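Below is one structure, written out as structure tokens, with a few remarks after it.
Each value in this text was obtained by applying a stated rule to the coordinates, not by laboratory testing. Here the structure is a predicted model, which means the values were calculated and not measured. Positions of Cβ are backbone-derived with ideal geometry, glycine not excepted, and every protein chain shown enters the neighbour counts.
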């Protein structure tokens, strides 16, 4: 006799899933509903019909980001202008994508930015702006340090002449 609590925790399968060829194939190899659902979730699905046309990645960075999105979202084809949420992305996928992006691109990226940047193109543009502003800040610091060294050298020379 099965208790209500154990029955309530068992995942349910819709008739469409049970009747699908993929389910039947998996069911022969797996022996529990949990394993079957996990296997179904890992299947890559086709790109959904989106409001914009597919635009492929144009460079290496776009290809890396698109590849990460495809892996995490289990979508076979992600375009640079495809919307993250329209592709089925949610907060769990944002965390996974953030982890993969920071490792693959060796960048520091606030996770909150991923919620504000819904496309690969928007994300890349943000990263490029950040890189440019970081380079500009680095150059400004280096220029300031160089000028300070020059002033210190002049001051030291002037002090040595007085002696």
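Considering only residues that are surrounded by 13 or more Cβ atoms within 10 Å (Cβ to Cβ), under 20 Å from residue 75 (Cβ atoms) and free of Cβ contacts under 8 Å to residues at least 12 places away in the same chain, which ones fall in segment 91-116?
99, the sole residue that qualifies.
Just give me the residues in segment 53-90 being part of a loop (DSSP other than H, G, I, E, B), touching a residue at least 40 places away in the same chain (Cβ under 8 Å) and surrounded by 20 or more Cβ atoms within 10 Å (Cβ to Cβ), in sequence order.
78, 79, 80, 87
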